[in-house]
Structures are given as C-alpha cells and as structure tokens.
1. Looking at Ala99, Ala72, Ala64 in this structure, which one is over 20 Å from Tyr152 (Cα atoms), in the same structural domain as Ala162 (by TED's automatic domain parsing) and over 14 Å from the mean Cα position of the chain (by Cα)?
2. Where the second residue is crowded, with 16+ Cβ neighbours inside 10 Å and assigned to a loop (DSSP other than H, G, I, E, B) and the first is hydroxyl-bearing (Ser, Thr, Tyr) and lies in region 129-152, which pairs have Cβ atoms under 8 Å and are six or more apart or on separate chains?
3. Of everything in region 46-81, what is farther than 11 Å from Asn145 by Cβ, assigned to a loop (DSSP other than H, G, I, E, B) and in contact (Cβ under 8 Å) with a residue 12 or more places away in the chain? Give them in sequence order.
4. Kindly indicate whether any position in region 75-82 is of a type in the set (Gly, Ala, Ser) and either crowded, with 18+ Cβ neighbours inside 10 Å or modelled with pLDDT under 95 (or both).
5. Condition check: farther than 19 Å from Tyr169 by Cβ, touching a Cys at 6+ places or on another chain (Cβ under 8 Å) and surrounded by 17 or more Cβ atoms within 10 Å (Cβ to Cβ). Does Asp88 satisfy that?
6. For the list (1) modelled with pLDDT under 95; (2) part of a loop (DSSP other than H, G, I, E, B), I need the number of the one condition that Tyr169 fails.
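The values are calculated or read from the model by the stated rules, or taken from the named source; none is laboratory data. Because the structure is predicted, anything quoted here is derived from the model rather than measured. Glycine also receives a Cβ, built like all others from the backbone with ideal geometry; neighbour counts cover every protein chain displayed.
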Amino acid sequence: MGRHSVFTAILTDAGVAMRSTVLPTFFGAAVLIAFSASAVAQEIGELEVQAAQSWRDTYIDVNAPGVLRFHAVGTWVFNPSRPAVDADGDRRLPTGGRACYADQDPNAREGQLIGRIGNGRPFVVGASSERRVGDERGRLFLVINDDLGRCYGSGLTDNSGALKVRIDYAW
C-alpha cells in the first residue's frame, strides 16, 4: 500500500495554516488516483499588498512546475502627484531600463503589481494574470513597481493604498 498526499494551504497574516490528507492507495487503484488527481492546488485566499511596503512575502513556496493565477483588486498611489492606479499601473509610464525599479522590463510600468520567485527575475502580475512555472524555485514575493532603491526620488515612502490579491498555485 502506498500513500498519496493532498495539501491545502490557507494564508493568514500570521502565516500559513496547512491541512494534509493522506489517502491510502493500492497497486490497482494507484494509477486511477494518479490520473484523476493530475494537479494539486494550493488555494491561498486573499492577501494584502501595501504600496509603501517592499517585497511582500506570500508564504507560498514554488517548488514544482505548474501555474500561478493572480487576481488583484483595489488601488494604490505610487506618486502623490499622480492619481491612484489599479494593479495594471500607469500605462503612460514604462519602467523599461530604469535602474532601481522592481521590474525594468520594457513591458513593465509604474504602479503595476510585480512578482518574483526566490531571487529570480521579476515579472508583471497586474490585475489578472497567469504565470506558467518551469524550473523556477523559491518563495513567491509581490511588490508595487516603483523606485525601490530611491534612485529617482522618494521611492516607497510617499506611496499609499493597498491591493487585495488572490493567488492560486496548481502543480
């Protein structure tokens, strides 16, 4: 008799509460269970990402190929002289090549919600997205795309607001 584990994680501000169910499998039933449970999902619920906070730990360890799904609601301010934006940021202000920004990709813009796995390359999350994970491993972090190194001004210190972000990780 073998074992098959199914994990569910629920994120709270204090950390992750995990439940594990161990299902016994027999030689004949193991194949059936393997095909019927082709993906394990880690359902996280909502977490808050503050505009004035640097890389927010999501308490999600990405440790297998799969798919991360994001959905963010709310608004935040990355510069008090500009209006509040949602997780898609300000389309008029690309951050491509700008040192000290969380994401310097040509498609990134100020105020966008940005993700990073471990110490890997940052990626655009935005208001709603899906990211296929291959060989990347590490903890998932989120942040507003702003001048984190304070190279051009106040950095995060003049930011306000927050986003509620739902994350699902299926592998």
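1. Working: Ala99 fails: over 20 Å from Tyr152 (Cα atoms); Ala72 fails: over 14 Å from the mean Cα position of the chain (by Cα).
Result of the check over Ala99, Ala72, Ala64: Ala64.
2. Tyr152/Arg98
3. Across region 46-81, the qualifying residues are Ala52, Gln53, Ser54, Trp55, Asn63, Ala64, Pro65, Asn79, Pro80.
4. Among the residues of region 75-82, not one is of a type in the set (Gly, Ala, Ser) and either crowded, with 18+ Cβ neighbours inside 10 Å or modelled with pLDDT under 95 (or both), which makes the answer no.
5. Numbers: farther than 19 Å from Tyr169 by Cβ: yes; touching a Cys at 6+ places or on another chain (Cβ under 8 Å): no; surrounded by 17 or more Cβ atoms within 10 Å (Cβ to Cβ): yes.
In short, no.
6. Here Tyr169 meets the rest and fails (2).
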